Amino acid sequence: MRWLGSGTVYLQMQKVSVLLFLAWVCLLFYAGIALFTSGFLLTRLELTNHSSCQEPPGPGSLPWGHRGQPGACWMAAQFSRVVLVLIDALRFDFAQPQRSHGSGEPPASLPFLGKLGSLQRILETEPHRARLYRAQVDPPTTTMQRLKALTTGSLPTFVDAGSNFASHAIVEDNLIKQLNSAGRRIVFMGDDTWKALFPGAFSQAFFFPSFNTRDLHTVDNGILEHLYPTMDSGEWDVLIAHFLGVDHCGHRHGPHHPEMAKKLSQMDQVIQGLVERLENDTLLVVAGDHGMTVSGDHGGDSELEVSAALFLYSPTALFPSTPPEEPEVIPQISLVPTLALLLGLPIPFGNIGEVIAELFSGGKDSQPLSSALAQASALHINAQQVSRFLHTYSAATQDFHVEELRRLQNLFSKASADYQWLLKNPQGAEETLKAVTAELQQFLRGARAVCIEFWARFSLVRMAGGAALLAAACFLCMLASQWATSPAFPFYSLLLMPVAWGVTGAVVCAGLLATTGLKLDAVVLAAVAAVGSLLPFLWKAWAGWGPRRPLTSLLPIPRPILLLLLIRLAAFFSDSFVVAEAKATPFLLGSLILLLVVQLHWEGQMLPPKLLTIPRLGSSAPTGLPRHSGTYALRLGVGLLLCTRLAGLFHRCPEETPACHSSPWLNPLASMVGGRAKNLWYGACVGALVALLAAVRLWLRHYGNLKSPEPPVLFVRWGLPLMALGTAAYWALASGAEEAPPRLRALVAGASAVLPRAVVGLAAAGLVLLLWRPVTVLVKAGASAPRTRTVLTPFSGPPTSQADLDYVVPQIYRHMQEEFRGRLERTRSEGPLTVAAYQLGSVYSAAMVTALTLLAFPLLLLHTERISLVFLLLFLQSFLLLHLLAAGIPVPRPGPFTVPWQAVSAWALMATQTFYSTGHQPVFPAIHWHAAFVGFPEGHGSSTWLPALLVGANTFASHLLFAVGCPLLLLWPFLCESQGPKRRQHPPGHEAEAKVRPEEEEEEEPLMEMRLREAPHHFNAALLQLGLKYLFVLGVQILACVLAASILRRHLMVWKVFAPKFIFEALGFIVSSVGLLLGIALVMRVDGAVSSWFRQLVLSQQR
């Protein structure tokens, strides 16, 4: 295209090229994140070896007391049948017996206490037949991981938590496989997670969907329908019933709700019914897979989450003594080897649990010596199995240190030798027997501790490579953001060359891997391609770096902003600051707001809301220009601080701060007991919804965009109220569903599914209309409208190129304004006449605000009702921040346009603050699982991607909204140009026309956002620069998380704090980068539509 200037050749950056460049930068970050993740979150090696009766775990004869018995397999069976009742999320204190209170001590009033009274009664009346344990659970405390541990006796790794809703069949040796190999009949009923873990393993099964946490009764009632008839039929050897009501009640209401008391009472009746039906050869096991927090969630490693109940009962005497006053604490995986030996099965090959020794004592009538020998025999078999596993595993991988293995082997050898001596000399060896038992237990516990420590395998090479790639991508963003506004910016070479180098690197790497016979790794190939694509840029940066150029030019960020950014990044290296980030972020945001206000006053940059052709923020300005009053920025700052403080009231406390109390406003209205309070809150939520809708409509009306007859504007007039009505109706149904009459519950359930889908459908329709016709202007000109002015190109004649069209657009806009102003003056004496102007001055911002509103409604539906107040604060806070930033950002003419680092940093901080204000925390127990059932109250069947999408949209709603709205930082200063007049400036070469037409030396209306079209090359460069700056701010955050996780990989809190923080930050970056691309693409779509609209207007004028 031709460029207006002194013969300078300029290559205009096209819109698609800007998007492709930003997409390439995003892919660099994705490759770095993937490479680091593949080295940081590695799973342990799963062995496929299996134990069998024909292969004893070690040398030596069968245990003492079982030699020569027919059918003995490692140890003779004590039970032929077992009933395993798994009550999901049965926390230990739910089953803990209640002691009698003293005369002055009031009884506890928690709803869940004392509801499992049958356990306490059995423990008191039959102490030799029952035992209650506090089972210590290994994190992560998600159901699929606990089921793997309860059947294999091994430990799940951290990354396995991501498979909780996409479970895969267990390939390791496990109890279910051993039972099938022994020909036992297994009947299962309950959670359908077992179906994916053990496909085809059950002789009879009754599966029920498990993911619908809002449904408290379907699974439990389905189990009860089949439980007792199956027991009475006798056609089973192992009966497994997995109840979900307690877990779902915790997710929906929390443990302190009256519904929890009802659920536990129901489970108590189930246990009583089972005890009455047990035969003497049957063992009853009642267990919880994990606990729950005070809010009813789980997934982490807090004390309440890792503390589960384990109850064992036999109709015959099983224990030699009465239960201790305080239940014993045992690892949960100890149940696996215990059940295997009690049922006469081999212990699963990969088990690292320790048998519960007292179950092998022979009952209350056995002799102390024979009882102790039987316990030592069980421990020795267990130790042999664990020793065999450690030997096999260490031969297959290098996870364990040689010194640790040698120490454990020496301990086991000594204990085994002492045990063999005991078998030959059993009489009078009580002290030796105690020592052997202690040595075997020491070995088993030491082996488990070693596995826990070393099963966090790290690939330091991949971790370092991922961190280096992320750092290089940040470096690219920082330098390219400085070069983007330069006319000599080598855009195409920097875009095309990386693609060629990246493809070449990937092909070479794939060829080398194929030649050497190594497995092709997609992550490694992507990383090599990313590094190859970076090489041309790094070479150009190095070649263009002058020897005298100061290093400080690498950091264009102002020092105060750089200091705040460094403070935020340094906080990621402290677990205490990561935990307290919900409080630290509003503090940093408030500090930045105060800094902006002070800087505006100090540097004299309080600009009027009109176009000023002065240098950028921070430079000198003419003294004669009018300014805002000193209180303008102060009012904006105070309003921002107030909104930040109000949003902080909606906070969720981390589990590491027990003294903190989460805001009760985060709970759904359905959890409230009082009807009057619920109605008041419902009115407040609907009021916030109406206020948000009214604010958007008033804003559009203020700038005249609501007068347009275009389809998107009509949708804003009628579609948005329908969306608000549907949202309010859904809240009403969701908050009162439990109180609905039985005959209306089917109707309520149907409406609860239809209304959210209708709102999402309307939002999608509105977005489609906006993309189709994004120009929201009103054309209302009479047929006899005079053509008093000829629009000229920089050359002569009508527009013949895109350059001509871009130049004449501002002239057309001024011409239309003058025409309508003249008509208004001519008809003023004849009476009032409504004249609609061409509202092109806010055409970009109107489309952005409309799109954000359409996105906000579906995202709001995924949250609880009272979060609507936070969304209202979000829009108000963004509005105030944009005005504060616009007050200090001049609009240079004709360009280049730029958004300062202050604005980008504040925008990113506000996104993080809103993440916490909507009740989120960067930990798995704080995930809002209820979002998966909005619009799908009956669940999703076998689908996993849709619930994951809904939960992800709920979690990262703030990231998405602020990323899509990021272009507003560029548009708002132009939008805030005053409606006051300004003297027209003629373009170069048109001074003669100015002399001929002196009447046109009148004052003109401000162009506002049409000013961007005076220099389209600067407009595209500004969008590119804005995207690169936002990606840089987000990129350095993920880089800091990566470095913190790498340096502190052996820290005590790495899996509790740093690893979840990295995962949430990485996912948030991906969502934000996609949202940023969508926002910039929308602005470019509007820009293209404006060009097309003006082109049609020019053609119509020529006719």
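If the segment from residue 701 to residue 772 were pulled out straight at 0.36 nm per residue, it would be longer than the present Cα-Cα gap by 23.4 nm. Taken along the Cα-to-beta-carbon direction at a fixed 7 Å, the label points for residue 1085 and residue 329 span 5.7 nm. Between residue 403 and residue 126, the FRET efficiency from the beta-carbon distance, with R0 = 60 Å, is close to 0.80. I need the calculated FRET efficiency for the pair residue 523 and residue 660, taking r as the beta carbon distance and R₀ as 41 Å, to the nearest 0.05. Efficiency at R0 = 41 Å is approximately 0.55. With each label modelled as a point 7 angstrom along the Cα→C-beta vector, the residue 1095-residue 566 pair spans 5.1 nm. Using 0.36 nm per residue and subtracting the Cα-Cα separation, the extra length available between residue 370 and residue 507 on full extension is 42.4 nm. The residues of the stretch 367-457 expose, per residue, 47 Å² of accessible area to a 1.4 Å probe. Atom-type composition of the exposed protein surface of the stretch 367-457 places 53 percent of the accessible area on carbon and sulfur (1.4 angstrom probe). Over 18 Å apart at the Cα level, from the set 148/177; 414/434; 115/262; 148/1056; 583/1029; 15/707, are 148/1056; 583/1029; 15/707. Sorting 180-189, 521-530 by average packing, meaning the other beta carbons within 10 Å per residue, from highest down gives 521-530, 180-189.
If R0 equals 51 Å, the separation of the Cβ atoms of residue 646 and residue 54 corresponds to a calculated FRET efficiency of about 0.15.
The values are calculated or read from the model by the stated rules, or taken from the named source; none is laboratory data. The model shown is predicted, which means the values in this text are computed figures rather than measured ones. As a convention, Cβ positions derive from the backbone with ideal geometry for all residues, glycine included, and neighbour counts pool all protein chains shown. Remember, those area values only see protein heavy atoms, side chains included, never the ligands or the DNA or RNA. Shrake-Rupley method; radii C 1.70, N 1.55, O 1.52, S 1.80 Å.
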